[in-house]
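The values are calculated or read from the model by the stated rules, or taken from the named source; none is laboratory data. Treat the numbers as computed from the prediction; the structure is a model and nothing was measured. In this analysis, Cβ positions are derived from the backbone assuming ideal geometry, glycine residues included, and neighbour counts consider all displayed protein chains. The accessibility values were calculated without ligands, DNA or RNA, using every heavy atom of the protein model including side chains. Shrake-Rupley method; radii C 1.70, N 1.55, O 1.52, S 1.80 Å.
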Amino acid sequence: MHPEILAQEGYTSVSVKESPVRELFPGIRLRPLWTGPDGAHANVLEMDPGTSWPRRDVHEPGPEEVFVVSGTFNDGARDYPAGTFLHAPAGSWHVPASATGCTLFLFYPEG
């Protein structure tokens, strides 16, 4: 074992279930996991079955990286099953929805 790993500056971990939850829209919850000093951040987004974003979700100021952990995610154009990775460049948009419910890992490298 190497306990000094945990003493490294910035090395951190968090349990998704212990992360504070914030309801963005009815049936759509955000769990923040990490925020870096430059504004980059990582979250888990949970969408109940039959939920959708009420408007366009524009990716600003930078890109959005999405990994579908479970369920099926729809970006307003097509379905993406668990195991799918999506890269949405800065300035692009989608309308998140899920007929089945889904859990997404979201990463914003530029905030």
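Computed over the chain, relative contact order equals 29 percent, with contacts defined as Cα pairs under 8 Å that lie 6+ residues apart.
Quick check on the stretch 1-49: what does the Kirkwood estimate of hydrodynamic radius come out to from the alpha carbon pairs, in Å?
Numbers: mean 1/r = 0.0786 Å⁻¹.
That comes to 12.7 Å for the stretch 1-49.
Between residue 65 and residue 9, the contour length at 0.36 nm per residue exceeds the Cα-Cα span by 17.7 nm.
Largest accessible area first, the residues 28, 5 order themselves as 5, 28 under a 1.4 Å probe with ligands, DNA and RNA left out. Put 60, 65 in order of accessible area, highest first, and with a 1.4 Å probe you get 60, 65. Rounded, prolate or oblate, given the Cα gyration tensor of the chain, with a/c below 1.5 counting as rounded? Cα axes put the chain in the prolate bin. Could you check how much of the accessible area of the chain is carbon and sulfur, as a whole percent, using a 1.4 Å probe? C and S fraction of accessible area: 57 percent.
Amide hydrogen proximity for residue 33: with H placed 1.01 Å from N in the peptide plane, the residues at 5 or more positions away or on another chain lying under 5 Å are 42, 43, 44. Placing unit charges on the Cβ atoms of the charged side chains and taking the dipole of the chain about its Cα centre, the candidate lying farthest along the positive direction among 111, 6, 24 is 24.
Rounded to the nearest 20, the size of the Cβ-charge dipole of the stretch 20-105 about its Cα centre is 140 debye, with Lys and Arg at +1 and Asp and Glu at -1.
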